[in-house]
Amino acid sequence: MDGMKDIKEMTNDEFMSHLMTGYNNHGALVQMVVLDCLQRGLDHYISHKDEILEEHNKPREDGRIPLINMKAWVECCEETKQRIEAKYS
């Protein structure tokens with residue numbers, strides 16, 4: 001693969017860089033696609049925050065601990081959205 005690491009062996013950081021800067025048939029347009037999809041996903045989580053947190057708390061009532069802390073997940077979404085807005089607004 002021309003000295004490039006196999007995608008399956010890339011770290012998350014390497015893969016994100018590869019998505020944004022690696023070869024794409026449409027050049028740098030891929031960066032806009034990735035950012036748009038990221039923003040739409042963040043908007044989804046943020047706008048459904050109350051429902052997500054309610055669902056997250058249901059298993060806790062039965063004494064089960066979910067793998068991911070959705071409160072932290074939503075807060076991470078909000079922080080990431082703020083960073084994108086600071087960069088592009």
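Please specify each residue of the stretch 46-58 satisfying the condition of being part of a helix (DSSP H, G or I), closer than 17 Å to residue 69 by Cβ and of a type outside the set (D, E, K, R).
First, pick out the residues of the stretch 46-58 that are part of a helix (DSSP H, G or I): 46-47, 49-58.
Next, only the ones that are closer than 17 Å to residue 69 by Cβ stay: 46, 49-58.
46, 52, 53, 56, 57 - these are the residues of the stretch 46-58 that are part of a helix (DSSP H, G or I), closer than 17 Å to residue 69 by Cβ and of a type outside the set (D, E, K, R).
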>> If I go through the stretch 1-45 residue by residue, how many of them are surrounded by 11 or more Cβ atoms within 10 Å (Cβ to Cβ), without any contact (Cβ under 8 Å) to a residue 40 or more places away in the chain and assigned to a helix (DSSP H, G or I)?
In response: 17
> For residue 74, are the conditions met, namely being of a type in the set (Val, Ile, Thr), assigned to a helix (DSSP H, G or I), under 13 Å from the mean Cα position of the chain (by Cα) and over 25 Å from residue 10 (Cα atoms)?
Replying inline: yes
>> All but one of (1) part of a loop (DSSP other than H, G, I, E, B); (2) surrounded by 12 or more Cβ atoms within 10 Å (Cβ to Cβ) hold for residue 67; state the number of the condition that does not hold.
In response: (2)
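All of the numbers you see were taken from the coordinates with simple rules; none came from a lab. Just so we're clear, the structure is a prediction, and the values are computed from it rather than from any experiment. In this analysis, Cβ positions are derived from the backbone assuming ideal geometry, glycine residues included, and neighbour counts consider all displayed protein chains.
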